[in-house]
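The values are calculated or read from the model by the stated rules, or taken from the named source; none is laboratory data. These numbers were taken from a predicted model, which means no experiment stands behind them. Here Cβ is always computed from backbone atoms with ideal geometry, including for glycine, and neighbour counts include all displayed protein chains. Note: accessible area is taken over every heavy atom of the protein model, side chains too, but ligands, DNA and RNA are not part of it. Shrake-Rupley method; radii C 1.70, N 1.55, O 1.52, S 1.80 Å.
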Amino acid sequence: MSGKIFTARRYKLPVVLGGVLVFGFLLIGGLSFWVLTLKIPDLHALGARRVAQSTKIYDRTGTVLLFDIHEEIKRTIIPFEEIPRHAKNAAVAIEDDNFYRHKGISPVSILRAFFVDIFSGDLRQGGSTITQQLIKNTFLTTDRTLARKLKEAVLALKLERTIGKDEVLNLYLNEIPYGSNIYGIEAAAESFFGKHARELTLAEAAYLASLPKAPTYYSPYGQHQAELERRKDVVLERMGELGYISEEELSAAKEETPVFVPKGNESIKAPHFVFYVREQLDALLGERRVAEGGFRVITSLDWNLQQQAEDMTKEYIARIEETFTASNAAMVGIDPKTGQVLVMVGSRDWFAPPLPDGCNPGKNCAFEPQVNAAAYATGRQPGSAIKPVIYATAFKKGYTPDTVVFDLETEFNSSCNPDGTAPEGVDPEECYRPGNYDEKFRGPVRLRDALAQSINIPSVKTLYLAGLEDSLKTARDLGITTLNDPERYGLTLVLGGGEVRLLELVGAYGVFANDGMRNPTVSILQIEDSDGNTLREFAPQPKQALDTNTARMISDVLSDEEARAPAFGRHSYLYFEGRDVAAKTGTTNDSRDAWVVGYTPNFALGLWVGNNDNRQMVKKVAGFIAAPLWNAFFQEVLASVPDERFTPPEVPAPRKPVLRGEWRGGRSYNTDAVSGKLATPHTPAEFIREKVLQEVHSILYWVDKKDPDGPPPSEPEKDAQFRLWEEPVRAWAATQGLSDNTSGIPKETDDVHLPEYQPTLTIPSAKIPSSLGATEALALTLVASGHFAIKQIDVFVDDQYVGSVSREPYEIRVDLSRFNIAGTQAILRAVVYDTAGNRSSAEKVLYIQQQAPQAEE
């Protein structure tokens, strides 16, 4: 048996090996045949090669064309000799520094890319030489497949055997896309710098070499100018490392500030929004697919509102520019119920020149028309407009709009003294004593008033109570992504110490408007391919980001005209007659930014006013600088959306007096209003009065900030902020003549509201017939007496009020015809009150004889 097995194995092995060899020869033969027959495309037909099906971007109705991507393709072919040496070297340095040494492909780069792709499961890793990029961008599809990559490599090898290196580089620089509808370095030089390619400086050449990797992302007119600047420096440094430029040339080019010409395209509508959408399309589909795919894109934009917003912004900034030294503005409108962006104005005027004349964009321009200030990559400081996020965090933890903190001059750095001085060894600059906008201190203040009036010191205390990390988490939950440096912010966060994007801040306010439900901001509703097939379609993605009652408390405070009035006056620009509108302003301390953000249940609107280069405006609060424009446009919005009301929040009922608005002390007791003694279970609710023992302390004396309505802290002084808050409060109480009084609790209990003192009441049965008609009248004489004099008797039939008597004899007439008695019985009830507030009641059943309906004659 064993010999048979050995024999079978001996013959099977050669068969298997033979099969493998045959398969290998066939595979190699097939690949060789494919490689040999693979033809190089016609290099003389580059201009006609790209038959682009134009992608079109529309408004939300699908009827208003906002932008036709290939309406004006720009390409000018120039000879290799007219391309400056720096431009050639810059492209080689950043894209393919082995260009003049390889044969069309770089095996090391391909292997690296191959293994990254295999282990990541994603065919996105680079590895392409300039020759491969030329092949990919001119003759092949954008499919991310191994077959396409293999074809790209083979064609690159064959191309370099056909033409020389300089011709490959020449084709590359004349064909590569530089963004939007710009192809080739000549068109790029004219479009970006207003000159011919031969006139480019070293720095300008480095900028252009930075673009092809991601033209939309690195666009000098987009949101990533800082990233473009860094990539330009990388190009220059790489040129220096390769010996293409000297150290002196490198330094001079880094210092050079080329001026980009304004991006003109009068055919485009809502340009900031369009290029915001274009960047998303490129990320979703790839730049080349978007450029050539012939997609039909339906966006969320409301073109009617957008036109009004653009016109009003342009006119308003022109009017206030000199008065407030404010050169620019941005506006965003969102539907909170869907997250759809309905309005986006990125600057006062896309088509205007930068200001002041001769400024360098990205350096010292107060106004940069093509920069989308509504969606700044790095954001701007929001001032007090961030406060609702902090207060929402506090409300989540159990603090309430009625919670009281003290608005007094307060030091917040625990390394400093309560009076703001620095002890030995501490830098005085590290002490932190913020002030209020009006330089006043109000003493005890409810959180409702502190938020509505934007009072700073109580807000800093609220952030401490809410917690910095928890507040930042709330911000993230609401959709704010830029607040990622807590070490830098500290307690300044609540006064705008971090940077936010207007678009994200409006989205966060939209969560308040939508009862805590967050809908991510959306600008693309539908994408169709050139055959009309729907590739992507908007679907709501709501998520509960904040509990409903917390959101409603924020809306209740921000729409409270009474609470806001001491700071803004009645009927300010934040008020809309007959409409529920919640609003908050924000102004940075140095008046570099002015904000207004507000909402109804169905529209959230935010406005930023300032200067692109961060120069100061005239020192005014946002209510003066930005609110008039915000109000004027919101009036237009309200005329076009339904009138919806905020749902009132449930009123919290915490146990501690300080959380309910009582600041005089934290220990309370109930008294009876009649006797003045301690209330008992028999004391009627309307006579119970809560009183506190007068002990004026800061809130940290009464609450554990992590569990505000829980047990009071046994050692409050262990809190790092306690001494800093407590000393100003105790000093203020002394100036007000408010000394502690802990011995004022009455020793005796209520002795007028006792069970035995309840009055007696009788409804004489003899006066009530056994059966009554539904329309009869009943005359009654009630009998009542008590320990205290009788004050009043109220009479009801089936809880319907009949009348009252207050003097003997207690006679009353009950007319049954006045009441809707449905059955055969009714309850007659009388309630008697004495002069001390004691009460009792008596009832009788009335038997009603209903009249049978008569037949019609």
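For the chain, averaging the sequence separation of C-alpha pairs within contact (under 8 Å, six or more residues apart) and dividing by the residue count gives a relative contact order of 9 percent. Placing a label point 7 Å from the Cα of Thr749 along the Cα-to-Cβ line, the residues of region 656-686 whose backbone N sits under 16 Å from it are 669-673, 675-685.
Please compute the contact order of region 161-210 in relative form: average sequence separation of alpha-carbon pairs under 8 Å and at least six residues apart, divided by the residue count, as a percent. Don't skip to the answer; put the middle values down first.
Values: 35 pairs, mean separation 10.5, N = 50.
RCO, region 161-210: 21 percent.
Averaged per residue, region 153-267 has 39 square angstrom of accessible surface, using a 1.4 angstrom probe with ligands and nucleic acids left out.
The alpha-carbon of Lys691 sits under 16 angstrom from the alpha-carbons of these lysines, leaving out residues fewer than 8 places away in its chain: Lys656, Lys677, Lys747.
Decide, for region 551-590, between rounded, prolate and oblate: order the square roots of the alpha carbon gyration tensor eigenvalues as a ≥ b ≥ c, take rounded if a/c falls under 1.5, and otherwise choose prolate if a/b is larger than b/c, else oblate. Judged from the Cα gyration tensor, region 551-590 comes out oblate (a/c at least 1.5, b/c at or above a/b).
Here the relative contact order of region 744-788, from alpha carbon pairs under 8 Å that lie six or more residues apart, stands at 49 percent. Of the accessible area of region 387-478, computed with a 1.4 Å probe over protein heavy atoms only, carbon and sulfur atoms account for 42 percent.
Region 670-743 and region 512-588 have their alpha-carbon centroids 38 Å apart.
Please work out the FRET efficiency for the pair Gln736 and His682, using the Cβ-Cβ distance as r and a Förster radius of 45 Å; give the result to the nearest 0.05.
Details: r = 37 Å, r/R0 = 0.83.
Step by step, r from the Cβ atoms, then E = 0.75.
Put +1 on the Cβ of every Lys and Arg and -1 on every Asp and Glu Cβ in region 631-742; which of Pro713, Gly676, Gly666 then has its Cα farthest towards the positive end of the dipole? Result: Gly676. Summary of the geometry: region 347-396 and region 206-243, compared by the centres of their Cα atoms, lie 23 Å apart. Cross-link partners of Lys165 among aspartates and glutamates, defined as those whose alpha carbon lies under 19 angstrom from its own and excluding same-chain residues fewer than eight positions apart: Asp42, Glu81, Glu82, Glu95, Asp96, Asp97, Glu152, Glu175. With pairing defined as another cysteine C-beta under 4.7 Å, none of the cysteines of the chain fails it. Accessible area per residue, 1.4 Å probe, Å², for region 418-504: what's the number? Per-residue value: 41 Å². Over region 289-381, with every protein chain in place, what whole percent of the accessible area is carbon and sulfur at 1.4 Å, could you tell me? Percent of accessible area from carbon and sulfur atoms in region 289-381: 47. Note on the chain: with charges restricted to the Cβ of Lys and Arg (+1) and Asp and Glu (-1), its dipole about the Cα centre is near 3120 debye.
Note on Val831 and Glu424: the extension gain reaches 139.1 nm, defined as 0.36 nm multiplied by sequence separation minus the Cα-Cα distance.
Taking a straight Cα-Cα cut-off under 21 Å and skipping sequence neighbours fewer than 8 places away in the same chain, the lysines within cross-link reach of Lys767 are Lys844. Ligands, DNA and RNA left out, the accessible area of region 545-624 computed with a 1.4 Å probe is 46% carbon and sulfur. A full extension of the chain between Lys213 and Ala539 corresponds to an added length of 114.2 nm, given 0.36 nm per residue minus the alpha carbon distance. With the cut-off at 1.5 for a/c, could you classify region 275-408 from its C-alpha gyration tensor as rounded, prolate or oblate? Oblate, since a/c reaches 1.5 and b/c is not below a/b.
With an a/c value of 1.5 or above and a/b not larger than b/c for the gyration tensor axes a ≥ b ≥ c computed over the alpha-carbon atoms, region 638-699 is described as oblate. In this structure, the residue pairs whose Cα-Cα separation is over 28 Å, taken from Lys337/Lys620; Lys56/Lys254; Lys56/Lys314, are Lys337/Lys620; Lys56/Lys254. Heavy atoms of the protein chains alone define the surface here; on that basis region 757-809 has 56 Å² accessible area per residue at 1.4 Å probe size. What net charge is computed for the residues neighbouring Ile317, neighbours being all others with C-beta under 12 Å from the C-beta of Ile317, Lys and Arg scored +1, Asp and Glu -1? Residues near Ile317 contribute -3 overall.
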